[in-house]
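I have placed the structure first, in the form of structure tokens, so that the comments after it can refer back to it.
The values are calculated or read from the model by the stated rules, or taken from the named source; none is laboratory data. Just so you know, these numbers come straight off a predicted model, no measurement behind them. Reconstructed Cβ throughout: ideal geometry from the backbone, glycine too, with neighbour counts over all protein chains shown. Each accessible area value is taken on the protein alone, full model and side chains, heavy atoms only, with ligands, DNA and RNA left out. Shrake-Rupley method; radii C 1.70, N 1.55, O 1.52, S 1.80 Å.
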Amino acid sequence: MTHLPASWRAQRGAALIEYTAITALGIIVLVAEPNIILELVQALRKAYSSFVYALSLGWV
């Protein structure tokens, strides 16, 4: 086994904890507000249509 510096050994499990925390937060948001996906899709559609409209104006 390769000997790693002490700072590297202390960080070996940090990514797993971060991924677990983010996943748990995502699950809590989805359970608390089930329509959040629909709201996100609607917001993206509105932003995209505004973007396309701005592109269609050209350099007026």
(Q) Just checking: which of the helices (runs of 4 or more DSSP H) contained wholly in the chain hold 3 or more residues that are at pLDDT 90 or above? (A) 14-32, 36-57
Q.
Just to be sure I understand the filter: pairs with C-beta atoms under 9 Å, separated by 6 or more residues or on different chains, first member in the stretch 33-51 and open to solvent by less than 100 Å² (accessible area, probe 1.4 Å), second member part of a helix (DSSP H, G or I). Which pairs pass?
A. 33/39; 36/29; 36/30; 37/30
(Q) Looking only at the stretch 12-32, filter to residues that are under 15 Å from the mean Cα position of the chain (by Cα) and small (Gly, Ala, Ser); which one of those is least open to solvent (accessible area, probe 1.4 Å)? (A) 26
